[in-house]
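Working notes, beginning with the structure itself.
The values are calculated or read from the model by the stated rules, or taken from the named source; none is laboratory data. Predicted model, so just to flag it, every value in this text is computed and none were measured. We place every Cβ from the backbone using ideal geometry, glycine too, and count neighbours over all the protein chains shown.
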Amino acid sequence: MPVARVPLDVAVIMSTVLEGILYGFSALMFIGTIWMFTYKHRMRDVNRPIAAVATLLLVLSTAHIIVGIIHLEDGLVKYRDTFPGGPAAFFAYAPQPTFVAKNAIYILQTLVGDGVVIYRCYVVWQSVWIIVIPCIMWCGVAACSVCMVYSFSQASISDVENFFTSKLGHWVAAFLTSTLATNVLSTGLLAYRIWMVERRVSAIRVTKGNMPILRVFIDAAIMYSAALCSSLICFALANDGLYVIGDVINPIISIAFYMVFIRVATSRNDKNYISTVGGGTTETERSTSQRYPMNNTYRQNDIPFLVDSPELEGKRPVV
């Protein structure tokens, strides 16, 4: 049974509206992120790497939606009566500069997001070897990205008409698959390390933790992975909903990472975990703190992307 296709002009309108709504949420979360890391803090104490990454994500999201609005205006207004085939044909024409620019910005944001996850993984494991495979996969994502953008800029009419079966479509599928695999592997290694450290310490700790940091990492990964899986499903079904999800993913990347940033900052003041930071209030907790002294790697502001979580602070055994 053939899959009903979404007209491209309708798809672009839907994607722009949905992206605008999610962009509004991401902008609010960006403000919340910066406020959490600057409120009652001196400038020298502000975690600059987090501020830089958060700002970069906002800049890329803003650039993407601006270019998307220009692309929409060109197709529906500027070239509505002059482009052969009308707005639907305009939006289907991949070599459009605005369309190529949108995809280039999306790719940059994806690479930044995947890079942050890999760095978090390195910070938690404190081993370069553990991120060798994720780094190789990240390079594969970058290579697929370059080939995909180049293919868009050089696409022929035949490639556009047979997008899902052409070489152009194959590069898109390779990009989506590689970035999904990179994100799942890096997040899986990160979650496993946090869970392993938490389990080891909880066995000798009076206060039982519920690992909220682990949950927020998993929630953010599920949100992003679900969007990528939806894109792959649309591609497999040759459904033009791929264009809608492709634009919506952009603010989702920002939202997913702001979730982690805000939760990490909030956890600094979480009184439920005061007893897990060096020097507990009970004799057992004091002995735990002495047995598992805080590694220098976990000092404040030394972990720009997993930052000073009380859930991890003082828990990593010195090995």
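Here are the numbers for this structure:
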quantity: Criterion (over 24 Å from residue 221 (Cα atoms), touching a Leu at 6+ places or on another chain (Cβ under 7 Å) and not aromatic (Phe, Trp, Tyr)) met by exactly one of 101, 88, 142; calculated: 88
quantity: Residue in the range 3-24 that is of a type outside the set (Val, Ile, Thr), at pLDDT below 75, surrounded by 14 or more Cβ atoms within 10 Å (Cβ to Cβ) and assigned to a helix (DSSP H, G or I) present; calculated: no
quantity: Of residues in the range 79-130 being among the small types (Gly, Ala, Ser) and more than 30 Å from residue 214 (Cβ to Cβ), the one surrounded by the fewest Cβ atoms within 10 Å (Cβ to Cβ); calculated: 85
quantity: Test result for residue 163, within 17 Å of residue 232 (Cα to Cα) and touching a residue at least 12 places away in the same chain (Cβ under 8 Å); calculated: yes
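Here is a yes/no grid of residues against (1) under 16 Å from the mean Cα position of the chain (by Cα); (2) within 24 Å of residue 16 (Cβ to Cβ); (3) of a type in the set (Phe, Trp, Tyr):
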site	(1), (2), (3)
50	yes, no, no
77	no, yes, no
117	yes, no, no
123	no, no, no
142	yes, no, no
149	no, yes, no
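Conditions (1) under 24 Å from residue 67 (Cα atoms); (2) touching a helix residue (DSSP H, G or I) at 6+ places or on another chain (Cβ under 7 Å); (3) at pLDDT below 75, marked per residue:
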residue: 202; (1), (2), (3): no, no, yes
residue: 207; (1), (2), (3): no, yes, yes
residue: 210; (1), (2), (3): no, no, yes
residue: 217; (1), (2), (3): no, yes, no
residue: 227; (1), (2), (3): yes, yes, no
residue: 230; (1), (2), (3): yes, yes, no
residue: 238; (1), (2), (3): no, no, no
residue: 259; (1), (2), (3): no, yes, no
residue: 262; (1), (2), (3): no, yes, no
